[in-house]
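The values are calculated or read from the model by the stated rules, or taken from the named source; none is laboratory data. Model, not experiment: these values are computed from the prediction. All Cβ positions, even for glycine, are placed from backbone atoms using ideal geometry, and neighbour counts span all protein chains on display. For accessibility, only protein heavy atoms count, side chains too; no ligands or nucleic acids. Shrake-Rupley method; radii C 1.70, N 1.55, O 1.52, S 1.80 Å.
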Amino acid sequence: MKLKMFTPVVLAAALLALSASACTDPTVAPKSAVTGANIFADPASYQAFLAKIYGGLILTGQRGPDGDRDIAGIDEGFGEYLRLYWYLEEMPTDEAVIGWNDPGLPDLNTGLWGASNSMVNAMYYRVFYQVMLVNEFLRQTTDPVLASRGVSATLTATIHTYRAEARFLRALSYWHGIDLFGNIPLVTELDPLGATPPPQSTRADIYAYAVNELNAITGDLPPNSAATYARATPAAAHMLLAELYLNAGVYTGTPNYAGASAEAALVIGSGYTLAPVFQNNFTADNNTSPELIFVAAQDGNRTQTWGGMTFLVHAGCGGSMSAATYGMDYCWGGYRLKQQAYRLFGAGDGRAAFFWTAGQTDSVISIGNFNNGIAAPKFTNKTSTGGNGSQLGMIDTDFPIFRLAEAYLIYAEAAVRGSGSAAQALTYVNALRTRAYGNATANITAPQLTLQFVQDERLRELLFEAKRRTDLVRFGTFTAPSTYVWAWEGGTAGGTALASFRNLYPLPANEIIANPNLTQNPGY
């Protein structure tokens, strides 16, 4: 992608670091080798600090691709936000399996993780690392603090926008936190530093906090334009609200499909359009797609990491596949598609055009054999015109956190659940299917637009975009009493239903020891 405003993630802000090998206390400021006085003597440091927060979604430390990591206790490449989130959203589901034996991964394949799982724990630390960075940025950018430093009125106005963006990023991480872990601490910039360990808040309280934050900042976010690509815009805030409202029944016990429908409609009306070619949302130049609302931006030259898209592109290639076909130097032979997901794609569906079947069996008989399961390299380091990214090792492709197609599907699901226009929902779904098939031959009729169809269509459209676990939990099909099972669920090749407590991941065992205010999730 073409990095613009947030390329310089260095300066003093990039010196912020945290050791998260054990307790991550969100009431403690991120450690720094410099002081507030000399950081903020340079007016550009405010932009650099915000860039560090954005970079926290894709980068692993203070230099790329490794060597000065943000969090300890895990290999730096594995400890990257997007890679961890992808693992936790994809691997325990009917979509992905990965044949590596690195600590923590085998138990994610089967859904049998415990409270000391290194991948689960690192994701918890990543969430709170982001929260701590945002909290410190907000402490350092209040109007009185800026006035005391003699910051100009023009820069102060710009920083007000930066503050709104930081609050969006904190809401995003809090969404991930409550979705994955349930009841977690809620700590903001108003909490004193160095206080006692934070109390545990309810999932519903943090949900309400994130909703209130997003509603408060929407008008202060930068407008959508080419210059604000990869930054939080009002459409990104509305999209995050739509995600929260769509899952409100899970988080609070009270559904809000009307809210999800309304927010999705605002996103749909905000000027984005479907990319004419589905695959162009996942190429090295996907920054040119008119469909992407918010991304984790990656650039092969300037945001180097062994996580993120470097992982997703390299690890999706193996067996008899050629790395050069995907614009890279070599294949890692990692994740594949489980048969349950593969068999949901119909003949002629262009969303399956990238599947690699030569030498592959569709059934995952052996987790460790890359040839078991269909290779599905959705993401590529090739551009939409067939060129390579800027490097063959590090990847240029941006990860689509929110795109217009999902807004269509959120609206459709809300309509099926009783909120929104059923006719409009059908139009949105058929727009996606017309793009997928190249014509209207696979379009559906109103009676076919059911909850089961929406669940399946979300898999087809959003495959490997880190949505699946959340979807299955919301539809009640991730754990028992659902009878839907998939390969290696529960540790058996044919699948065994998971116990219902696995709808949540455990809080890290070290956190429970370090913070007496925390109560572990049931079952762990």
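Placing unit charges on each Cβ (+1 for Lys and Arg, -1 for Asp and Glu) gives the chain a dipole about its Cα centre, and among Phe399, Ile98, Gly79 the Cα reaching farthest toward its positive end belongs to Phe399. The value of relative contact order for the chain, using C-alpha pairs under 8 Å at least six residues apart, is 19 percent.
Full extension of the chain segment joining Ser320 with Arg149 gains 55.6 nm, where the gain is 0.36 nm per residue of separation less the Cα-Cα distance. From the alpha carbon centroid of segment 438-471 to that of segment 162-235 is 29 Å.
Can you tell me the dipole magnitude for segment 364-442 around its Cα centre, using point charges on the Cβ only (Lys, Arg +1; Asp, Glu -1), in Debye to the nearest 20?
180
For segment 172-228, the gyration tensor built on C-alpha atoms gives a prolate shape. Its axis ratio a/c (a ≥ b ≥ c) is at least 1.5, and a/b is the larger of a/b and b/c.
Distance between the 7 Å Cα→Cβ label points at Gln520 and Gln424: 4.7 nm. If the Kirkwood radius is taken over C-alpha pairs of segment 381-481, then at 37 °C and 0.692 mPa s the Stokes-Einstein diffusion coefficient equals 214 µm²/s. Think of the chain as a dipole: +1 on every Lys or Arg Cβ, -1 on every Asp or Glu Cβ, centred on the Cα centre; then among Gly300, Asn388, Thr196, Asn388 lies furthest on the positive end. What is the Rg over Rh value, at two decimals, for segment 442-524, using alpha-carbon atoms and the Kirkwood definition of Rh? Rg/Rh for segment 442-524 comes to 1.11. For segment 210-338, the convex hull spanned by the alpha carbon atoms encloses 160 Å³ per residue.
Report, as a whole number in µm² per second, the diffusion coefficient that Stokes-Einstein gives for the chain at 25 °C and 0.890 mPa s using the Kirkwood radius over alpha carbon pairs. So the translational diffusion coefficient is about 106 µm²/s.
An ellipsoid equivalent to segment 315-400, defined through the eigenvalues of its Cα gyration tensor, has semi-axes of 23, 16, 10 Å when rounded to whole angstrom and sorted largest first. Residues whose amide H lies under 5 Å from that of Ile374, counting only those 5 or more places away or on a different chain, are Leu337; hydrogens are built 1.01 Å from N in the peptide plane. Less than 5 angstrom separates the built amide H of Gly104 from those of Ser118, all sequence-distant by 5 or more or on a different chain. Each of the peptides 298-305, 365-372, 493-500, 413-420 was scored by the mean count of other Cβ atoms within 10 Å over its residues; in descending order, highest first, they stand as 298-305, 413-420, 365-372, 493-500.
Each of the peptides 279-287, 385-393, 120-128, 225-233 was scored by the mean count of other Cβ atoms within 10 Å over its residues; in descending order, highest first, they stand as 120-128, 279-287, 225-233, 385-393.
Within the accessible surface of the chain, defined with a 1.4 Å probe on protein heavy atoms only, the carbon and sulfur portion equals 57 percent. The modelled label-to-label distance between Ala157 and Thr441, using points 7 Å beyond Cα along the C-beta direction, is 5.7 nm.
Distance from the alpha carbon centroid of segment 85-144 to that of segment 487-524 works out to 14 angstrom. Considering only Cα atoms, the convex hull volume of segment 134-254 works out to 107 Å³ per residue. Remark: spin-label model distance Asn301-Asp205 equals 4.9 nm, labels positioned 7 Å along the Cα→Cβ axis.
Computed with a 1.4 Å probe over protein heavy atoms only, the accessible surface of the chain comes to 33 Å² per residue.
For the residue pairs Lys52/Lys378; Lys338/Lys467; Lys338/Lys378, the C-alpha atoms sit more than 19 angstrom apart in Lys52/Lys378.
Can you give the % of DSSP beta bridges in the chain that are antiparallel, to the nearest 5?
Values: 13 of 14 bridges.
Taking every DSSP beta bridge within the chain, about 95 percent pair in antiparallel fashion.
For segment 299-449, the equivalent ellipsoid built from the Cα gyration tensor has semi-axes of 32, 20, 14 Å, listed from largest to smallest. For segment 53-202, a crude dipole built from +1 on the beta carbon of Lys and Arg and -1 on the beta carbon of Asp and Glu, taken about the Cα centre, is about 660 debye to the nearest 20. Span-like helix check, the chain: qualifying full DSSP H segments, with Cα axial length of 24 Å or more and mean Kyte-Doolittle of 0.0 or more, are 118-139, 153-181.
Helix-derived [θ] at 222 nm for the chain: sum -39500 (n - 2.57) over DSSP H runs of at least 4, divide by residue count, nearest 500?
-11500 deg cm²/dmol, from helical runs alone.
For the chain, the dipole from Cβ point charges (+1 on Lys and Arg, -1 on Asp and Glu) about the Cα centre works out to 480 debye, to the nearest 20. For segment 121-183, the relative contact order works out to 55 percent when only alpha carbon pairs closer than 8 Å and six or more residues apart are counted.
The string of couplings for segment 392-397 from the Karplus curve (6.51, -1.76, 1.60, θ = phi - 60°) is 8, x, 8, 10, 8, 5 Hz, one whole number per residue in order, with x for Gly and Pro. The peptide list 87-96, 318-327, put in order of mean Cβ contacts within 10 Å with the highest first, becomes 87-96, 318-327.
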